[in-house]
1. I'd like to verify a number: residues in the range 235-264 that are acidic (Asp, Glu) and either in contact with a Leu (Cβ under 6 Å, 6 or more places away or on another chain) or at pLDDT below 95 (or both), how many?
2. Of everything in the range 38-82 that's under 19 Å from the mean Cα position of the chain (by Cα) and among the acidic types (Asp, Glu), which residue is farthest from SER239 (Cα to Cα)?
3. If you take the residues of the range 237-254 that are open to solvent by less than 10 Å² (accessible area, probe 1.4 Å) and under 16 Å from ILE38 (Cβ atoms), which of them is farthest from the ligand (Cβ to nearest atom)?
4. Looking only at the range 155-170, which residues are of a type outside the set (Asp, Glu) and without any contact (Cβ under 8 Å) to a residue 12 or more places away in the chain?
5. Which of the residues that make up the range 170-189 are within 12 Å of the ligand (Cβ to nearest atom), over 21 Å from GLN110 (Cβ atoms) and in a strand (DSSP E or B)?
6. Pick out the one residue from ALA257, ALA212 that is within 15 Å of the ligand (Cβ to nearest atom) and either touching a Pro at 6+ places or on another chain (Cβ under 7 Å) or not basic (Lys, Arg) (or both).
7. Residue check, ALA109 against (1) open to solvent by 30 Å² or more (accessible area, probe 1.4 Å); (2) under 23 Å from ASP261 (Cβ atoms), all met but one. Which one?
8. Name the residues in the range 132-165 that are away from the ligand (no atom under 16 Å from the Cβ) and hydrophobic (A, V, I, L, M, F, W, C), would you?
Amino acid sequence: VENQRTPLSERESLTENALNKKILSVMRKKKSNLCLAIDYTTSEEVLQLAEIAGPFVMAIKVHADAITDFSEEFTRKLTTLANDMDFIIFEDRKFGDTGNTNLLQLKGAQKIASWADVVTVHAVQGTDSIAGVFRQLINDPNYRLSGVLLIAQLSTKGSLTALDGYTESTVSIAEENRDVISGFIAQTRVSGFSDLLNWTPGVNLDAKTDSAGQQWRGVDEAIDVQQNDIIIVGRGVTSSSEPVQQLKRYRRIAWEALAKDDES
Ligand code: BMP
């Protein structure tokens, strides 16, 4: 069946993308397909939760520009935690400009390319503004950046990514540049290429919407029905008074749903 997942155990050897090889190996080792979105506004809060969450997650996603006291000290500490606890650092910048500007921003005030393993990029600016510039940094050993996730679908109500052809065109850009683009941000599985990973936000087990356009659904819907690989969970954990319990809960349910592929 097209757009069906290949078992994880086979995918690690199938994939040539270096970042995805690492991600798949971390996922299998930690038995986790949970990416935690830490949208706190101070370095200390982000680092504190990152340290607690480390054992349960395969990636930690941040919005650097939402951290009011962002500094190089913060990224130094975050990369140390990631190296020690084996998680991927994901900066959700959603680049969406000319290639030249994307490059300036990657190296700019926040030096994103120096500390993030993977960043999000919009498809709207077209292939030439994406593949070349990101490839340049990804192949440069002076930068930590090793992959790009293209935004194929947004989780928000009324998102224009639902317009006819948008997601399909995004998928084509990714399929033709699989050395640079390691997967998608999407709601449903969008590509038949098993080496492209499907990361999905909009997951919450206890709420359906916030008051600002977000749409949440459960883990079974996201992993079983919509065939995503990795769930991105924010407030389901970060707004809870018992984050560790929630981390264990999301990790267990999501991993059981994904690991079914390997057993069948
Ligand atoms: P929460 O579960 O608290 O809604 O967090 C979701 C996270 O995923 C946020 O950091 C948001 O920026 C991001 N995100 C999203 O919610 N929907 C998308 O389509 C793309 C995203 O990056």
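The values are calculated or read from the model by the stated rules, or taken from the named source; none is laboratory data. In this text the structure is predicted, and so the values were computed from the model without any measurement. Cβ: placed from backbone, ideal geometry, glycine included. Neighbour counts: every protein chain shown. Accessible surface is based on the protein model in full, side chains and every heavy atom, while ligands, DNA and RNA are left aside. Shrake-Rupley method; radii C 1.70, N 1.55, O 1.52, S 1.80 Å.
1. So the answer is 3.
2. The qualifying residue farthest from SER239 (Cα to Cα) is ASP65.
3. Among those that are open to solvent by less than 10 Å² (accessible area, probe 1.4 Å) and under 16 Å from ILE38 (Cβ atoms), it is LEU247.
4. Matches in the range 155-170: SER159, LEU160, THR161, ALA162, LEU163, GLY165.
5. The one that is within 12 Å of the ligand (Cβ to nearest atom), over 21 Å from GLN110 (Cβ atoms) and in a strand (DSSP E or B): PHE184.
6. ALA212
7. Here ALA109 clears every test but (2).
8. VAL133, PHE134, LEU137, ILE138, LEU145
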